[in-house]
Amino acid sequence: MDGDCALERLGTPGWVAARNADRMPANRCVADAMRSSVLRVFLAVGAGIVVLAGCHTIERRPGKSPLKPVQMSPDSVVLDIFFVRFPVGDAEVNGDLWTEVDEQHFPPEVRQRLAKNGFRAGLVAGPMPVALSRLLELNDKSAPPGTAQEMKGDDLNAEPRVVRRHSQVRAGRRTEIQASGVYERLPVLTCEPRGLCGQEYQNAQGVIALKAQPGPDGRVRLDLIPEVHYGESRLQRVPMPGGIRLEPGRPKRVFDELALQATLSPGHLILVTSLPQKPGSLGHYFFTQNLSGKLEQKLMVIRLSQTQRDDLFDPQAPLPLDALGEAAR
């Protein structure tokens, strides 16, 4: 009876069930065997699919990463910043090298103030001088990653003789380059319009404040201002639109009268160093260093490496003809 009901549930007519009732045990065994065989086939096929899926290898393309390259911010520029150490008064670095550097790029009054305070600065707008390329050891090693804030003049205490950083700078953002180590006592004499002025600072350090402003034509204006940071860190009031904000920092003396401004195209360089015949000047403390009882001179080189803006025209600015047309209306 159980066999008849089972066959009827499977769609087998009753007369067939009655006729084959005596053979039901054999039929059941055959059905069970068929189901077991089908089940084994499905399990085998499923296992094969799992194995194939688990062992499939992604094709690799040599020399090409599947990841999308990191994009620079549209208002940022990339600078190469070098510090080079050499003997004070070296004839080549203080003489022959500067015959290929344009010191006339800066106004005469700026150059005069810089010289009185022990600084020397110039611009290289063409091919890099061979002497400078050799001095920077450009063919010996690549630039390590980093930011301009990590540029420290006292990194020159150790080898190598040349310190280089590849730094990304946002437009209009203040960036600090530490030009010197920390002096326990720093007596500063400056030549100002009112005469010779002096002041001593404790735990002081020479810093170059840098700002970059990209133009629509791919060139970048760089502003460099020498500063002396001294004393202990504390909260400083920083003016901002609509009020002020508090930021940690040390007191500083800003020398606005010694500010440098230059407009660079990619590949152009700014050179800044001290005048060896001006000991005790502000430039002397910024760009010299005492190593194991021996005084050495430093040269800072800033090169504009890359900019994101290279259009000839600013799409947001009206063309002169358009402005004339609007005026005529």
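It is to be established whether one or more residues within the range 252-259 are at pLDDT 90 or above and within 30 Å of S133 (Cβ to Cβ). The answer is yes, given that some residue of the range 252-259 is at pLDDT 90 or above and within 30 Å of S133 (Cβ to Cβ). Taking first residues from the range 104-123 that are more than 19 Å from V301 (Cα to Cα) and partners that are charged (D, E, K, R), the Cβ contacts under 6 Å between residues at least 6 apart in sequence or on separate chains come to R113/E257. Here's a check for you: in the range 271-299, which residue that is outside any loop (DSSP other than H, G, I, E, B), out of contact with any helix residue (DSSP H, G or I) (no Cβ under 9 Å at 6 or more places or on another chain) and in contact (Cβ under 8 Å) with a residue 12 or more places away in the chain is farthest from Y230 (Cα to Cα)? Top of the filtered list is L295. Restrict the check to the range 105-118 and report whether at least one residue is of a type in the set (F, W, Y) and in contact with a helix residue (DSSP H, G or I) (Cβ under 7 Å, 6 or more places away or on another chain). No - not one qualifying residue is present in the range 105-118. Among strands (runs of 3 or more DSSP E) lying entirely in the range 156-246, which contain 1 or more residues that are touching a residue at least 40 places away in the same chain (Cβ under 8 Å)? Strands (runs of 3 or more DSSP E) meeting the threshold: 162-170, 175-192, 195-214, 220-229.
The residue list A179, A204, A125 contains one member that is out of contact with any helix residue (DSSP H, G or I) (no Cβ under 6 Å at 6 or more places or on another chain), modelled with pLDDT of 85 or more and surrounded by 17 or more Cβ atoms within 10 Å (Cβ to Cβ), which is A204. So, of the residues in the range 278-295 that are surrounded by fewer than 24 Cβ atoms within 10 Å (Cβ to Cβ) and farther than 19 Å from G198 by Cβ, which turns out to be modelled with the lowest pLDDT? If we take residues in the range 278-295 being surrounded by fewer than 24 Cβ atoms within 10 Å (Cβ to Cβ) and farther than 19 Å from G198 by Cβ, then S292 is modelled with the lowest pLDDT.
Exactly one of these conditions fails for E326: (1) of a type in the set (D, E, K, R); (2) modelled with pLDDT of 80 or more; (3) not assigned by TED's automatic domain parsing to the domain that holds E103. Give me its number. Result: E326 passes all but (2).
The values are calculated or read from the model by the stated rules, or taken from the named source; none is laboratory data. These numbers come from a predicted model, not from an experiment. As a convention, Cβ positions derive from the backbone with ideal geometry for all residues, glycine included, and neighbour counts pool all protein chains shown.
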